[in-house]
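Reading through the structure tokens given below for one structure.
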Amino acid sequence: MKVAKRTFDAVIVGAGGAGMRAAVTLAESGLKTAVISKVFPTRSHTVAAQGGVSASLGNSEPDHWTWHMYDTVKGSDWLGDQDAIEFMCKQAPQVVVELEHYGMPFDRLDNGKIYQRPFGGHMSNFGEKPVRRACAAADRTGHAMLHALYQRNVRANTQFFVEWLALDLLRAPDGRVLGVLAMEMETGEITAFQAKATLFATGGAGRIYYSSTNAFVNTGDGVGMAARAGVPLEDMEFWQFHPTGVAGAGVLITEGVRGEGGILRNSDGERFMERYAPNAKDLASRDVVSRAMVTEINEGRGCGPNKDYVLLDITHLDPATIMQRLPGIHEIAIQFAGVDPIKAPIPVVPTCHYQMGGIPTNYHGEVVVDGASVAGFYAAGECACASVHGANRLGTNSLLDLLVFGKSSGESMVEFIRKEPAALQEIPQSEIDKSLARVDRLNTQTNGADVHETRLSMQRTMQNHAGVFRFKDMLQQGVDKILDIEKQVAQTEIKDKSQVWNTARIEALELDNLIEVAKATIISANARTESRGAHVRDDAPDTPEHPNGRDDANWLKHSLWHREGNRLDYKPVKLQPLTVESIALKTRAY
Amino acid sequence: MTTEHIARTVQFKIYRYDPDKDAAPYMQDISVQLEATDRKLLDAIVRLKTKDDSLSFRRSCREGVCGSDAMNINGKNGLACLTDVDSLAQPITLRPLPGLPVIRDLIVDMTQFFKQYHSIKPYVVNNTPPPERERLQSPEEREELNGLYECILCACCSTACPSFWWNPDKFVGPAGLLAAYRFIADTRDEETNERLDNLEDPYRLFRCHTIMNCVDVCPKSLNPTKAIGKIKELMLSRAV
Ligand SMILES: Cc1cc2nc3c(=O)[nH]c(=O)nc-3n(C[C@H](O)[C@H](O)[C@H](O)COP(=O)(O)OP(=O)(O)OC[C@H]3O[C@@H](n4cnc5c(N)ncnc54)[C@H](O)[C@@H]3O)c2cc1C
């Protein structure tokens with residue numbers, strides 16, 4: 001079938017923080033740029049980020065990008081690439097200041113500079129003591145940032161295609177990326193967006209789990225599209241469970257709450273983090289805190305009628321501080337936990353939050369496969385793996401990642417596009433047909449699987465088989481279950497056949513992407529027989545020979561999952577930074 | 001602690017319209033069995049959608065910050081994700097936001113709303129070359145932006161405003177005017193005069209008759225009427 005075609009210099013899929021930061025660079029360079037988003041830009045999930053964006057501005061006390069780099073490498077449990085980490089931490093002050101110049105309403109210190117708060121794993125002087133590095137706009141940093149970036153794009157006259165769903169990546173026979181096929185939700189019409197350079201900035205896929213801080217729209221579309229187009233996925237076994245999701249609801253309570261002095265308590269009222277992380281206590285790295293919480297619950301010291309959560313206590317803080325620094329949390333606690341946090345502690349549980357892995361890139365935002373960059377293809381933000389977060393992301397490093405790699409990929413694209421010949425390559429009809437077949441199947445499928453039920457069984461399976469603690473037998477069973485569920489995903493049926501704003505169809509198409517992410521996650525997790533960062537298994541316990549269960553001799557490497565045949569291979573971690581000395585391997589303790 | 005909910009059946013009356021098959025819109029009577037965990041109206045309509053996948057509405061963050069799921073709930077605009085389902089009288093009557101063209105079911109065409117937002121130049125304008133570091137702003141100056149920058153562009157306010165219903169093409173509306181004042185109030189912005197010029201018109205600003213519906217419905221407890229009042233004050237003070 002023939003589809004309409006539109007041509008651009010650059011196409012960006014995703015209008016969250018990463019996509020819109022790249023769009024600023026591209027639009028301001030005068031190139032013809034299209035930004036496609038399945039939601040209005042300010043509805044992207046960056047809007048929900050609360051706590052802050054990290055940069056060693058040193059506004060309250062001395063800080064240095066090398067300390068930030070050290071914390072990030074340690075936080076990553078040495079799985080992060082040190083060249084990319086150096087690049088990010090060094091660039092941080094500049095991109096945050098740029099954002100301020102765009103109009104971001106950061107909170108301020110008395111001297112007029114950007115307000116910074118402490119956060120988990122942020123330390124001064126190479127791990128010595130907590131430092132104020134998280135630049136914040138109350139507890140609405142993501143909202144303030146996303147709106148500031150959208151506003152800058154309005155100024156730059158960026159062309160947005162709002163409420164369009166990208167369906168598939170389009171590639172030439174030689175592997176070059178030619179653009180995407182996308183569907184306009186309002187009409188159901190399908191158009192090929194052809195460009196010299198294509199950027200994926202489609203965000204995370206937290207909806208593979210049952211309990212998640214992620215939005216409904218966080219369905220890993222970019223990652224799924226990349227996998228279907230033959231791009232391997234990197235380090236997908238690493239998912240961050242945020243310690244403080246509201247019990248039952250999943251809605252996030254930022255780590256900034258602990259940064260401002262909040263304390264976690266068990267059923268005895270004990271500040272248990274003192275036992276697990278004597279130095280950093282409640283501000284230890286997220287994986288460490290989440291595991292401590294689950295251990296407390298498993299050992300019978302959980303709270304509530306079912307003893308299945310712990311309490312986050314800020315009742316000792318000055319109510320004025322709560323209302324000034326944490327107004328959004330105050331509102332969330334009342335709305336979703338039914339408690340006023342000024343008066344009573346908030347019930348919290350570790351909740352799926354962030355995807356450390358993704359589409360493999362270098363720090364220029366170029367997608368890298370088999371050691372070479374894929375011509376015309378870029379990725380940034382949560383869908384990408386640069387890899388700066390390794391086995392565990394530090395809080396506030398994601399918003400930073402969006403700014404740094406949004407910008408660097410935008411700059412790489414400008415450079416690439418300027419060198420390209422004017423004429424665009426023909427899109428092979430087979431590429432278009434493959435994608436249209438997914439839509440056509442949904443239009444005709446009968447006696448198929450229910451989308452909601454299928455998605456639910458995937459989410460429950462992931463939650464039970466690949467959660468905060470992982471068990472050898474459960475992982476293997478989980479792989480089998482997910483491969484079974486995959487068969488149902490291939491036969492989903494929708495009753496709604498309308499062409500107009502068909503949300504049933506959108507959800508079915510999103511499920512095609514979620515299942516790719518789920519497969520990549522559980523297959524990579526099953527294979528990695530060590531514990532590292534957020535990936536902790538019962539058969540790789542803490543021993544003198546392998547502290548924390550980490551096995552550098554065999555597993556200091558990135559996983560790469562290939563969709564075809566569910567094949568895994570591996571590539572080395574880049575331990576060599578750009579200009580400074582490598583941060584030597586060490587046991588991780590807080 | 002959280003109130004315990006139980007499985008219960010809830011009655012709805014929902015505005016339905018699919019231009020692909022319906023000659024005209026109609027109100028559908030439908031009920032759904034909720035699970036104990038369904039607390040918010042959004043949980044309830046997501047549950048409803050598992051029974052009838054053709055029910056169409058926007059939703060994303062489900063925590064009141066993305067602004068997707070604004071709708072008219074028992075006659076009043078609000079966000080489904082911030083509304084306790086058990087607090088609503090039944091049958092719960094759901095309609096699309098009033099005053100904007102309906103695309104399908106609870107989904108409206110927001111083009112006009114965003115056009116007005118864009119018309120106030122929603123970005124800081126500062127033509128002084130930026131310093132190496134951040135522009136300074138005192139905590140008190142920053143405080144002026146509170147109650148303004150938190151807008152989520154859900155359109156509950158503008159679509160509750162009779163002046164916006166009558167003149168959506170000429171009256172900026174409460175959301176757009178709140179944003180206009182957000183940039184006027186920002187000490188980093190240098191275009192206060194141009195911004196006021198841009199609103200000096202019988203319709204753009206002065207169609208606000210302080211009916212205060214906007215304040216009443218804002219799910220973020222913001223006060224567009226107050227912001228509009230401040231713009232009017234500034235206009236008066238520069239006129240004398
Ligand atoms: C509740 C919460 C709080 C957080 N707090 C912090 C924090 O304080 N600090 C921090 O550093 N990090 C935080 N994080 C993490 C961080 O916010 C996210 O990792 C980050 O915002 C992701 O940004 P993004 O630009 O990659 O994607 P998103 O903001 O998720 O945007 C994705 C975009 O892609 C578009 N898209 C996706 N699929 C398609 C498709 N098929 N077709 C068209 N468009 C598509 C969407 O419409 C959207 O515009 C938080 C995360 C959560 C969930």
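Within the stretch A:331-370, the set of residues being away from every other protein chain (no Cβ under 14 Å), in contact (Cβ under 8 Å) with a residue 60 or more places away in the chain and either away from the ligand (no atom under 15 Å from the Cβ) or among the hydrophobic types (A, V, I, L, M, F, W, C) (or both) comprises A:Cys352, A:Met356, A:Ile359, A:Pro360, A:Asn362, A:Tyr363, A:Val367, A:Val369. Taking the criterion of being within 16 Å of the ligand (Cβ to nearest atom) and either among the β-branched types (Val, Ile, Thr) or within 14 Å of chain B (Cβ to nearest Cβ) (or both), the only residue of the stretch A:65-75 that qualifies is A:Thr72.
So that you can scan it fast, the table gives a plain yes or no per residue for (1) away from the ligand (no atom under 14 Å from the Cβ); (2) not in a loop (DSSP other than H, G, I, E, B):
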{"position": "A:Leu167", "(1), (2)": "no, yes"}
{"position": "A:Leu178", "(1), (2)": "yes, yes"}
{"position": "A:Ala195", "(1), (2)": "yes, yes"}
{"position": "A:Ala226", "(1), (2)": "no, yes"}
{"position": "A:Gly230", "(1), (2)": "yes, no"}
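When the stretch A:22-53 is filtered for residues that are on the phi > 0 side of the Ramachandran plot and open to solvent by 20 Å² or more (accessible area, probe 1.4 Å), only A:Gly30 remains.
Note on the stretch A:7-21: residues that are within 14 Å of chain B (Cβ to nearest Cβ) and either more than 6 Å from the ligand (Cβ to nearest atom) or at positive phi (or both) total 2.
Residue-wise test of (1) open to solvent by less than 40 Å² (accessible area, probe 1.4 Å); (2) at positive phi; (3) more than 8 Å from chain A (Cβ to nearest Cβ).
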{"position": "B:Phe113", "(1), (2), (3)": "yes, no, yes"}
{"position": "B:His118", "(1), (2), (3)": "no, no, no"}
{"position": "B:Glu132", "(1), (2), (3)": "no, no, no"}
{"position": "B:Ser138", "(1), (2), (3)": "yes, no, no"}
{"position": "B:Gly147", "(1), (2), (3)": "yes, yes, yes"}
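Taking the numbered list (1) over 30 Å from A:Lys196 (Cβ atoms); (2) modelled with pLDDT of 95 or more; (3) within 16 Å of the ligand (Cβ to nearest atom); (4) under 19 Å from the mean Cα position of the chain (by Cα) in turn, A:Gly121 passes all entries but (2). Each residue in the stretch B:185-207 was checked for being open to solvent by less than 70 Å² (accessible area, probe 1.4 Å) and not small (Gly, Ala, Ser), and 13 of them qualify.
Against the conditions (1) over 21 Å from B:Asn213 (Cβ atoms); (2) out of contact with any Asp or Glu (no Cβ under 8 Å at 6 or more places or on another chain); (3) not small (Gly, Ala, Ser), B:Ile30 satisfies every one except (2). Within the stretch B:1-99, considering only strands (runs of 3 or more DSSP E) that don't extend past its boundaries, which have at least 1 residues that are more than 10 Å from chain A (Cβ to nearest Cβ) and β-branched (Val, Ile, Thr)? It comes to B:8-16, B:26-34, B:70-73, B:92-95. If you go through the stretch A:149-165 and keep only what is within 13 Å of the ligand (Cβ to nearest atom) and assigned to a strand (DSSP E or B), you end up with A:Phe160, A:Phe161, A:Val162, A:Trp164, A:Leu165. Of the residues in the stretch A:132-143, at least one is more than 9 Å from every other protein chain (Cβ to nearest Cβ), touching a helix residue (DSSP H, G or I) at 6+ places or on another chain (Cβ under 8 Å), assigned to a helix (DSSP H, G or I) and open to solvent by less than 20 Å² (accessible area, probe 1.4 Å). Answer yes or no: is there a residue in the stretch A:232-243 that is within 12 Å of the ligand (Cβ to nearest atom) and in contact with a Leu (Cβ under 7 Å, 6 or more places away or on another chain). Checked the stretch A:232-243: at least one residue is within 12 Å of the ligand (Cβ to nearest atom) and in contact with a Leu (Cβ under 7 Å, 6 or more places away or on another chain).
Per this entry, A:Trp78 is counted among residues that are more than 14 Å from chain B (Cβ to nearest Cβ), farther than 30 Å from B:Tyr123 by Cβ, open to solvent by less than 10 Å² (accessible area, probe 1.4 Å) and of a type in the set (Phe, Trp, Tyr).
All of A:Ser409, A:Ser430 fail the test of being among the polar types (S, T, N, Q) and within 15 Å of the ligand (Cβ to nearest atom), apart from A:Ser409. Against the definition (among the polar types (S, T, N, Q) and buried (at least 21 other Cβ atoms within 10 Å of the Cβ)), how does A:Asn306 come out, yes or no? No.
The set of residues from the stretch A:33-59 being part of a loop (DSSP other than H, G, I, E, B) and near the ligand (Cβ under 7 Å from one of its atoms) comprises A:Lys38, A:Val39, A:Ser44, A:Ala49, A:Gln50, A:Gly51, A:Gly52. Only residues that are open to solvent by less than 10 Å² (accessible area, probe 1.4 Å) and at the interface with another protein chain (Cβ under 7 Å from one of its Cβ atoms) were counted in the stretch A:96-106, giving 4. Taking every residue in the stretch A:42-64 that is farther than 30 Å from B:Cys61 by Cα and within 13 Å of chain B (Cβ to nearest Cβ) and pairing it with any residue that is open to solvent by 10 Å² or more (accessible area, probe 1.4 Å) and within 15 Å of the ligand (Cβ to nearest atom), at least 6 positions away or on another chain, the pairs with Cβ-Cβ distances below 8 Å are A:Asn59/A:Tyr115; A:Asn59/A:Arg132. Taking the criterion of being under 14 Å from A:Ile359 (Cβ atoms) and assigned to a helix (DSSP H, G or I), the residues of the stretch A:377-415 that qualify are A:Gly381, A:Glu382, A:Cys383, A:Asp401, A:Phe405, A:Ser409.
Name the pairs whose Cβ atoms lie under 7 Å apart, with the first residue in the stretch A:161-189 and closer than 14 Å to A:Ala4 by Cβ and among the charged types (D, E, K, R), the second within 14 Å of the ligand (Cβ to nearest atom) and open to solvent by 20 Å² or more (accessible area, probe 1.4 Å), and 6 or more positions between them or separate chains? Every condition considered, the pairs that remain are A:Glu184/A:Trp164. For the stretch B:10-60, the candidate set comprises residues that are out of contact with any Leu (no Cβ under 7 Å at 6 or more places or on another chain) and among the hydroxyl-bearing types (Ser, Thr, Tyr); within that set, the residue that is least open to solvent (accessible area, probe 1.4 Å) is B:Ser60. Within the stretch A:259-271, residues that are among the aliphatic types (A, V, I, L, M) have Cβ atoms under 9 Å from residues that are part of a strand (DSSP E or B) and open to solvent by less than 30 Å² (accessible area, probe 1.4 Å) in these pairs: A:Ile263/A:Leu312; A:Ile263/A:Asp313; A:Leu264/A:Pro243; A:Leu264/A:Thr244; A:Leu264/A:Val310; A:Leu264/A:Leu312; A:Leu264/A:Asp313; A:Leu264/A:Val348, counting only partners at least 6 apart in sequence or on another chain. Of all residues in the stretch B:188-199, those being at the interface with chain A (Cβ under 10 Å from one of its Cβ atoms) and not basic (Lys, Arg) number 1.
All of A:Gly256, A:Gly222, A:Gly300 fail the test of being small (Gly, Ala, Ser), crowded, with 24+ Cβ neighbours inside 10 Å and over 23 Å from A:Gly52 (Cα atoms), apart from A:Gly222.
The values are calculated or read from the model by the stated rules, or taken from the named source; none is laboratory data. None of the values given here were measured: they were computed from a predicted structure. FYI the Cβ positions are ideal-geometry reconstructions off the backbone, even for glycines, and counts take in every protein chain you see. With ligands, DNA and RNA removed, areas are computed over all heavy atoms of the protein, side chains included. Shrake-Rupley method; radii C 1.70, N 1.55, O 1.52, S 1.80 Å.
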